[in-house]
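Written below as structure tokens is the structure these notes are about.
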Amino acid sequence: MDPMSVWFTNVLIHPDTNHPVFEKVPTVLTAEEIIDKAFRRARSVSAPQLKKTIVRIRAHNLARVFTVRDVVVGVLNRYINGFPRAEALHPFYRALLDLLVDINQYKKSLGALNWARSMVERLTERYHRRIKGAPDKETVDALRREFYGRVASVLKQVADDLMFLASVREEFRKIPHIDPSLPTIIVAGFPNVGKSEFVRRISTAHPEVAPYPFTTKGITVGHFERNGRRWQVVDTPGLLDRELEDRNAIEMQAVLALSYLKGVILFILDPSETCGYPMERQRRLLDQVRREFKGLPLLVVENKCDVVRTDTPNLKMSALTGEGIEEVLSTVEWMAGGV
Ligand SMILES: Nc1nc2c(ncn2[C@@H]2O[C@H](COP(=O)(O)OP(=O)(O)OP(=O)(O)O)[C@@H](O)[C@H]2O)c(=O)[nH]1
Ligand SMILES: [Mg+2]
């Protein structure tokens, strides 16, 4: 397949879902904390100014019932809407999330919160009706307390799910701020071949370091604009800078999640070998990356041409002097489907 049709295939099979903002995921309270919060708020509801005693008592207790409902449903809504739906995630995020948390448990826990929310709504309706028809203060009080007990019991039934979601929130922090809807240059190559130098040179702002699952250094993400289009450039220390056979299955999955991005892999070779790795090893890694990332077009470029310039047909550049960079970028752009 030529690079152009690979590009279009990628665009077609990967829906451009919105970039979920994982930092906006709310902190998750425990079941106990939600119960306390709801009952505390309900206690502070003052009695309405009504003349007839039983009417006032019913209205007061109903106001407390509705307050409990509002607090609990409000909190649950925040979680149900704040945690991204697994199905709606871009495949890139889904692949990473899959490595970090048990996706089935994740779906089940969000489903459990949905269940709890509708239970609390139903209980509110039921006790609303019963309190409205209650003849005296004792009955009203007893019904209100019964409602409290049942709401608390619903929340206790989802206590484990709340705890699980609280832990998921921590895992979300490890998901990098990469926007899968942007065209991306994924930079690969052995250490010291000039990857960072290249990313720094083409990025408009200072590239940011983002966490990435199963890497210690994280990845570097830079941005630039070209012909009115915003691009992302990702440097992947620890991911695409050594032989792939050295990795275990989980690390490999973290590496391969990158193939869900759309864009071009830029494989940097250093024929000067001042990086400390002989060309033979560098080419072996190149072959592996080419094999593993079949879905993405790959461009090979020889860096440090200010030191050594070979007579191969590969593009040449110097990330240090800037020579050849323009041609690299326009080739990347062409491979990614043109302007
Ligand atoms: N002469 C020359 N030196 C370069 C060029 N590009 C990078 N260097 C130098 O090579 C060294 C390594 O460059 P980096 O950009 O840090 O290499 P890297 O691939 O990011 O290395 P890791 O982060 O360890 O994977 C630095 O001292 C750079 O200044 C180049 O085009 N010409
Ligand atoms: Mg680097």
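The values are calculated or read from the model by the stated rules, or taken from the named source; none is laboratory data. Keep in mind the model is a prediction, meaning the values are calculated, not measured. Because the Cβ atoms are built from the backbone with ideal geometry, glycine has one as well, and the counts that use them run over all protein chains shown. These accessible areas exclude ligands, DNA and RNA; they are computed on the full protein's heavy atoms, side chains included. Shrake-Rupley method; radii C 1.70, N 1.55, O 1.52, S 1.80 Å.
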Do we have any residue at all in the range 171-188 that's in a helix (DSSP H, G or I), under 30 Å from THR216 (Cα atoms) and within 16 Å of ligand 1 (Cβ to nearest atom)? no
Subset of the range 179-202, residues open to solvent by less than 40 Å² (accessible area, probe 1.4 Å) and among the basic types (Lys, Arg), comes to LYS195
Flagged in the range 189-235 as closer than 22 Å to ARG283 by Cβ and out of contact with any helix residue (DSSP H, G or I) (no Cβ under 7 Å at 6 or more places or on another chain), in numbering order, are PRO191, ASN192, VAL193, GLY194, LYS195, SER196, GLU197, PHE198
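Looking at ARG129, ARG200, can you tell me which residue is assigned to a helix (DSSP H, G or I) and within 16 Å of ligand 2 (Cβ to nearest atom)?
Sole residue among the options that is assigned to a helix (DSSP H, G or I) and within 16 Å of ligand 2 (Cβ to nearest atom): ARG200.
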Among the residues of the range 227-244, is any open to solvent by less than 10 Å² (accessible area, probe 1.4 Å), within 29 Å of THR312 (Cα to Cα), more than 16 Å from ligand 2 (Cβ to nearest atom) and in a strand (DSSP E or B)? yes
Could you list, in sequence order, the residues of the range 203-214 that are within 12 Å of ligand 1 (Cβ to nearest atom) and either open to solvent by less than 100 Å² (accessible area, probe 1.4 Å) or not in a strand (DSSP E or B) (or both)? PRO207
Pick from the range 311-337, criterion out of contact with any strand residue (DSSP E or B) (no Cβ under 9 Å at 6 or more places or on another chain) and part of a loop (DSSP other than H, G, I, E, B), ranking: least open to solvent (accessible area, probe 1.4 Å): SER318
In the range 216-227, how many residues are polar (S, T, N, Q) and either within 12 Å of ligand 1 (Cβ to nearest atom) or closer than 18 Å to GLU327 by Cα (or both)? 2
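Only residues that are part of a helix (DSSP H, G or I) and modelled with pLDDT under 95: list them for the range 20-53, please.
Within the range 20-53, PHE22, GLU23, LYS24, THR53 meet the criteria.
Tell me which residues, restricted to the range 301-310, are within 16 Å of ligand 2 (Cβ to nearest atom) and outside any loop (DSSP other than H, G, I, E, B).
VAL301
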